[in-house]
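The values are calculated or read from the model by the stated rules, or taken from the named source; none is laboratory data. The shown structure was predicted, so the numbers you read here are calculated from the model rather than taken from an experiment. As a convention, Cβ positions derive from the backbone with ideal geometry for all residues, glycine included, and neighbour counts pool all protein chains shown.
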Amino acid sequence: MNYTFIALVENRPGVLNRVASLFRRRNFNIESLAVGRTENPEVSRMTVVVDCPNGDMDAHKIEANLYKLVNVIDVQDVTRQPSVTRDLALIKVKVGPERRAEVNGLAEIFRARIVDVAVDSVIVEITGTEDKIEGMIELLRPLGIVEMVRTGQVSMTRGVTDGVRRVPGVTGRYDDVSLAAMVP
Amino acid sequence: MKKTGAEILWECLVREGVEVVFGYPGGANMPIYDAMLSYPVHHVLVRHEQGGAHMADGYARASGKVGVAMATSGPGATNLVTGIATAMMDSVPVVFITGQVAAHLIGGDAFQETDVTGITLPITKHNYLVTRADEIAEVIREAFYIARSGRPGPVLVDICKNAQVETCEFVYPEEVKLPGYQPVDHAPKASLEEAVKLIEKAQKPVILCGHGVLMSKAEEALMQFAVKTQTPVASTLLGLGAFPASHELSLGMMGMHGEVHTNLAIQNSDLILAFGMRFDDRVTGTLKTYAPRAKKIHIEIDPSEVHKNVAVDVPLVGDLKTVLTDLIPLVDEYDHEEWKKEINGWKSEADARSIMNWEEDGKLYVAHLIADIWKATGGGAIVTTDVGQHQMWTAQYYQLDKPNRWLTSGGAGTMGFGLPSAIGAWFAAKDQEIWTIAGDGGFQMTAAELTTAVQEGANVKVAIMNNSFLGMVRQWQEFFFEKRYSAVNMLAPDFVKLAEAHGVPARRVTKREEVDEAIAWARSVKGPTVIEFRVEMEDAVYPMVPAGSALDQMIQRPVRAG
């Protein structure tokens, strides 16, 4: 089963390597990894999707090992938390003028957009959950997909978090450890 | 005031209380070595960087302070790698400082350029590449803080040559700012209460005492808890010494070469209290049948160790000493008389097979020799070992009553650790007696450090247990490979001449009646000595839980006829 983790990390050279190296070292396969800036210039945010063959035991290992990295400010396993999840794909389909309308029709149904039109191809941009994108790909495939790129999944939990940094594997709270105090 | 990066480095090391560093100079760290002459820090010139790493490790284990080792770039730094991994596996606080080529040359395959932060990423607690002089003060401050706090471990700082020679304003950082690194002390109250409930119900509890007890300086708290709840204490290899071996509640070492009654106690227990240990495969045997009826409470500073190998019922993540101190007033007193009686029953059965109860047959057995050294030194020496049979015999028969005297490579199992770690320990405890127990194989890996011992006047006593075999591999080949001996017959040099060539007085012992006198001689010499004991060639360490077997499936020493 795939698990999703959100990690806030210090925005400095080498941090991505530390995170990636950890997954190799502990023998986990990354399904998707998306990194970007946040509202705070000193903090980057990663959404990591990982296949966990042993379920929660694996997820705990990943969360706790990420927590241990000095440059990781906070990590959360959001797999079972109510959250908004998005992936963006650009899909180039080999179609001439005679079948553009067909692609356009599909795009409308999926609330995707055609963002480029060439003589013999179009680029479709679609944003959504992984399922939705997979659904669109299946329908475009018979028309001839020649190129595709995906950003990887990004996630955000709903509502405002309580600002408490949780210690992985422990249900109780450490009242003295506040996340707010830790973000530079 | 402006200072060079190299001067700032030494300013910071002095402020961290560093008195001795173990290192080796080279092209990329020469400015550091030049600046060193102006600072009151003793430098030990090692013969190989691996030796330097183990010395810093031994110093840290014996002193409880952070050890420091230095090397130049490229091969100097890569030679440290075994020592860094050794410190990592055993959670030993060591700061490694390596020189690196100038920042503008990085990535260009310059002379002696190696990606040292890349190589050491998985074997350090944290590491840094420093490219500017004005980063050094902050990085060194952080490096020491990270090395010694939380779960201790090695930190490597790779300093580019330009950063060593450039100048900048020296400002010593008043505090460490690490937003993502905040080790916790107290465990949540709710978890403590859950633990108390399990302790109340337990009829057959066992404490598993790990290295964390020593790291957290929780020996006193452990004693109070054990005595108040009358819970027997089994120890991991690295936890030895944290609880006095002579105490009535002490069960001695657990695991692959642990004592029979100890492993049986764990397998039959109904509550395991794991204190600062990580359920290594060498202490659990196969996990499928590990302590099947026991509830488990795990007090551990590192959340990634919780549920890693063994799923536990109550994890108490925090500093062991703090958590135990919080827990002790919450638990009641117990006596557990029946349980202790049951364990003692297993003990007397095992005594019949003990090599210590054999009659003399003129041969030299390592177990007997360890007991002889133990007697002669009153059990109070600092003892370091290499890895293999002699290590297990020393763990079994050098019965420790006091902490921080047992220096051995547990997690990594690094041969060649014994002599250099003893030299490092000597700098931490010059007034104490220090013995290295080595095998003929491991000793040859770092024997060059004998000269370092002479140059420094390090008062370490080396006992080489020479069975002309790589003994532990030979034992496995005997037990598990139908005695097909492959690459285990080892020709050793003449150890007496070898030692004497290094300027170390040495003796060879081949007969039982020479043993006591040789040990007394070594103790009377000031400075390093070597004794080579020609021991029984095909003796084996018992009991033994074969790798992957259940913890109570032990191969025991055959009962001797007559």
Cβ pairs under 9 Å, 6+ apart, first in region A:55-75 and at the interface with chain B (Cβ under 7 Å from one of its Cβ atoms), second hydroxyl-bearing (S, T, Y) and assigned to a helix (DSSP H, G or I): A:H60/B:S304; A:K61/B:S304; A:A64/B:S304; A:N65/B:S304; A:Y67/B:S304; A:K68/B:S304
Would you list the strands (runs of 3 or more DSSP E) that sit entirely within region B:17-103 and hold 2 or more residues that are in contact with a Lys or Arg (Cβ under 9 Å, 6 or more places away or on another chain)? B:94-100
Does A:A89 count as among the small types (G, A, S), within 9 Å of chain B (Cβ to nearest Cβ) and in contact (Cβ under 8 Å) with a residue 40 or more places away in the chain? no
Within region B:454-465, can one find any residue that is in a helix (DSSP H, G or I), crowded, with 24+ Cβ neighbours inside 10 Å and among the aliphatic types (A, V, I, L, M)? no
Return the total of residues in region B:328-373 being in a loop (DSSP other than H, G, I, E, B), of a type outside the set (A, V, I, L, M) and over 17 Å from B:G258 (Cβ atoms). 12
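Residues are listed down the side, and each one gets a yes or a no for (1) touching a Gly at 6+ places or on another chain (Cβ under 9 Å); (2) more than 13 Å from B:A274 (Cα to Cα); (3) not assigned by TED's automatic domain parsing to the domain that holds B:L316:
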position	(1), (2), (3)
B:Q182	yes, yes, yes
B:I199	no, no, no
B:K204	no, yes, no
B:C209	yes, no, no
B:G212	yes, no, no
B:M215	yes, yes, no
B:A218	yes, yes, no
Quick check on region B:104-114. Is at least one of its residues in contact (Cβ under 8 Å) with a residue 12 or more places away in the chain and under 25 Å from the mean Cα position of the chain (by Cα)? no
Do we have any residue at all in region A:164-176 that's buried (at least 18 other Cβ atoms within 10 Å of the Cβ) and either at pLDDT 95 or above or away from chain B (no Cβ under 14 Å) (or both)? no
Being surrounded by fewer than 18 Cβ atoms within 10 Å (Cβ to Cβ) and either touching a helix residue (DSSP H, G or I) at 6+ places or on another chain (Cβ under 7 Å) or within 11 Å of chain B (Cβ to nearest Cβ) (or both) is the filter here, so list the residues in region A:13-42 that pass it. A:P13, A:G14, A:N17, A:A20, A:S21, A:R24, A:R25, A:R26, A:I30, A:V35, A:N40, A:E42
Counting only residues that are in contact with a strand residue (DSSP E or B) (Cβ under 8 Å, 6 or more places away or on another chain), give me the helices (runs of 4 or more DSSP H) lying completely in region B:185-232 with at least 3 of them. B:189-201, B:219-229
Which one is farthest from B:L330 (Cα to Cα) among residues in region B:185-236 that are charged (D, E, K, R) and out of contact with any helix residue (DSSP H, G or I) (no Cβ under 9 Å at 6 or more places or on another chain)? B:K201
Just wondering, is there one or more residues in region B:164-181 that are closer than 26 Å to B:H298 by Cα, surrounded by 20 or more Cβ atoms within 10 Å (Cβ to Cβ) and within 14 Å of chain A (Cβ to nearest Cβ)? yes
